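The values are calculated or read from the model by the stated rules, or taken from the named source; none is laboratory data. Because the structure is predicted, anything quoted here is derived from the model rather than measured. Virtual Cβ from ideal backbone geometry, glycine too; neighbours counted across all protein chains shown. For the accessible areas, the whole protein counts, side chains as well, though only heavy atoms, and no ligand, DNA or RNA atoms are used. Shrake-Rupley method; radii C 1.70, N 1.55, O 1.52, S 1.80 Å.
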Amino acid sequence: MHIFIVLGLVACACAGTAWAQGVDVVPGYHHTDDRSGQYVVPGLTWQSASHLQREASFDGRVEGHIYAQPLYWPPPGAARALLIVATESNVVYALDSATGAIVWRVVLGTPAPRSALPCGNIDPLGITGTPVIEPRTGALYLNAMVDRQDGPRHMVYALSLRDGSVLPGWPVDIAEALRSQGMPFTSRLQNQRGALLLLEGRLFVPYGGHYGDCGNYQGWVVGLTLNRPGVFGAWRTRGLKGGIWAPGGIAAADGALFVATGNTEGEHVWSDGEAVMRLAPDLHRSASSRDAFAPANWHELDEEDLDLGGANPMPIDLHGRRLILQLGKDGKAYLLDRDNLGGIDAALDMQKVSRGPIRTGPASYPGAGGVFVAFPGAGAACPAGRSEDGLIVLRISAASRGGLSTAWCAALDGAGSPITTTSDGSADRIVWVVGAEGDNRLHGFRGDNGQAVFTGGGPNDRIPKLRHFVTLLAAHGRLYVAGDGRIYAFSVAHR
């Protein structure tokens, strides 16, 4: 059952209306398909960042726990933009981005209670993976776990951003659609944590398992057509488990999809686990070593549950080379050739960079001496011999052995997923991250040297009830953070 509440009028484009090019929009996880997490916020400089504060007048109240990143959508012709928020209660909101007031709200069925699932740590389980917006048609695509009489089902919806209404032909029952093509998919064993992606007019949804690794789930990427809603194909790991579960989900570059898989179970011959995979948009299975990478010790990683897929692959470009950086729960960073992943043990460089597991959505940005990648971790190779628990920033300076090094580390209590901002596209680079399930505060560091520019603010700036992996959103001069039951907005105070 779909319940709609429209509380305000929004001049939004209907399907088929052209998107206004150049308008600030955040259509998916970390802003762009490469998941780099770069944003431009005019006026937010190294100096002004110290005056950042939470806007007490911003409402932002919603229903449900939040794991998905909010999105930002300026409807053509409207005076104000919308924040799009999806929760584990299977409720989707459009909030006024300036005030936090509800513009429309839709309920997409009953979420699955933990008691209906074989294992897990999300209760209830509704919308977990970050949705994606098709800007030219004003449509929002998402996966919701819906509890039905015959058990929980993964349902993929398309909503109109005009009012939240379900578009014709949707939702698509993933298990039913795959079964019709001879591919078994058991919804209650699969979870959908990774961000969705749109590429070449098609929708891609990654799947893994639940916390606890119960049951015979697999890593899946399911492809759906938009004009005639339905599944056109799917890729899955040959071995059992091997889930695609990192918050960034699928990254895209050069017209290809890149995913990282977790541990498989009971496999003595490599079967797509502990891997970085390059997939064509038609999702056909490639037999070429150019389209897959796994460490030489993949079986050991399987046995110790040290998923290579603790983070999404990070496409980067350096000195004319097309590369991938992959971070794993083994605390290592693997630098790969994006054009030739190379098969088993084919990393261009590999370094132990964290003393603990890496589980996050990393952010990348260009800088002096190479490309930088930021992520939470326990620094294993910080400059000057330091060992810092919190934030690690790597420098990739060459596509060869020795090309990976730790640029700087910073103390951080918590485990959010970072983003970066500049004031004009290059100046005042700041790495932002929240101390999720730690101090629950917003932190900002200079991108060049790690010097703190914002250290959480005062008593009223603390952000309660944050979920691990929580990802910031930057838009229209504000930073937005999603906590359970509420969205918080931060901006620079005028002095």
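If one puts a single equal scatterer on every Cα of region 281-328 and applies the Debye formula without solvent, what log₁₀ I(q)/I(0) results at q = 0.20, 0.25 Å⁻¹?
Debye output, listed in q order: -0.92, -1.08.
In region 207-270, what is the volume of the convex hull around the alpha carbon atoms, normalised per residue and reported in Å³? Please report the intermediate quantities before stating the final value.
Numbers: hull volume 7.1 nm³, N = 64.
Dividing the Cα hull volume of region 207-270 by its residues yields 111 Å³.
Based on the Cβ-Cβ distance from residue 304 to residue 78, what FRET efficiency comes out when R0 is 41 Å, to the nearest 0.05?
On the way: r = 52 Å, r/R0 = 1.26.
After rounding, the FRET efficiency stands at 0.20.
Can you give the three extents of the C-alpha atoms in region 400-495 along their principal axes, from longest to shortest, in whole Å?
Computed over region 400-495, the largest-to-smallest principal extents equal 46, 31, 21 Å.
Quick one: the Cα spread of region 260-362 along its three principal axes, in angstroms, biggest first?
Principal extents (largest minus smallest coordinate, Cα): 36, 30, 21 Å.
Taking +1 at the Cβ of each Lys and Arg and -1 at the Cβ of each Asp and Glu, which of 287, 256, 270 sits farthest along the dipole of region 237-314 towards its positive end, judged by Cα position relative to the Cα centre?
With unit charges placed on the Cβ atoms, the residue in question is 256.
How big is region 30-115 by Rg and Dmax over its Cα atoms, in Å?
15.6, 50
When the label point is put 7 Å from the Cα of residue 265 along its Cα-to-beta-carbon vector, which residues of region 172-203 have a backbone N closer than 12 Å?
Label zone hits: 189-190.
Using only the C-alpha atoms of region 358-420, find the volume of their convex hull and express it per residue in Å³.
Numbers: hull volume 5.6 nm³, N = 63.
It is 89 Å³ per residue.
In whole angstrom, how long is each semi-axis of the equivalent ellipsoid of region 339-449, when you take the square root of 5 times every eigenvalue of its Cα gyration tensor and sort them from largest down?
Working: eigenvalues 106, 62, 35 Å².
They are 23, 18, 13 Å, listed largest first.
What is the sum of charges, Lys and Arg at +1 and Asp and Glu at -1, for the other residues whose Cβ falls under 11 Å from the Cβ of residue 285? Write down the numbers at each step before the final one.
Values: positive: 236, 238; negative: 272, 282, 291.
With Lys, Arg at +1 and Asp, Glu at -1, the neighbours total -1.
In whole percent, and with a 1.4 Å probe on the protein chains, what portion of the accessible area of the chain is carbon and sulfur? Mind dumping the intermediate values first?
Numbers: 8560 of 17440 Å².
About 49 percent, which is the carbon plus sulfur part of the accessible surface.
When the dipole is taken about the Cα centre of the chain, and only Lys, Arg (+1) and Asp, Glu (-1) are charged at their Cβ, what size is it in debye, to the nearest 20? Mind dumping the intermediate values first?
Values: 41 positive and 46 negative charges, 144 e Å.
It works out to roughly 700 debye.
Hey, any idea what the orientation-averaged projected area of the convex hull of region 137-237's Cα atoms comes to, in nm²?
Convex hull of Cα atoms, orientation-averaged projection: 6.9 nm².
Region 48-152: which chymotrypsin sites (Phe, Trp or Tyr not before Pro) are DSSP loop and have at most 15 other beta-carbon atoms within 10 angstrom?
none
For the chain, what size does the Cα cloud have along each of its three principal axes, sorted from largest down, in whole Å?
Projected onto its principal axes, the Cα set of the chain covers 62, 57, 41 Å.
Whole number in Å², please: accessible area per residue of the chain, 1.4 Å probe, ligands, DNA and RNA not counted. Working shown, then result.
On the way: 17440 Å² over 495 residues.
Result: 35 Å² per residue.
Compute the signed sum of charges (Lys and Arg +1, Asp and Glu -1) over the other residues within less than 12 Å, Cβ to Cβ, of residue 97.
-2
Figure the gain on full extension for residue 176 and residue 451 (residue separation times 0.36 nm, minus the Cα-Cα span) and round it to one decimal in nm.
Result: 93.8 nm gained on full extension.
Would you please give the FRET efficiency between residue 465 and residue 40, computed as 1/(1 + (r/R0)^6) with r the Cβ-Cβ distance and R0 = 25 Å, to the nearest 0.05? Display every interim value, and only then the final one.
Details: r = 29 Å, r/R0 = 1.17.
In this case the efficiency is close to 0.30.
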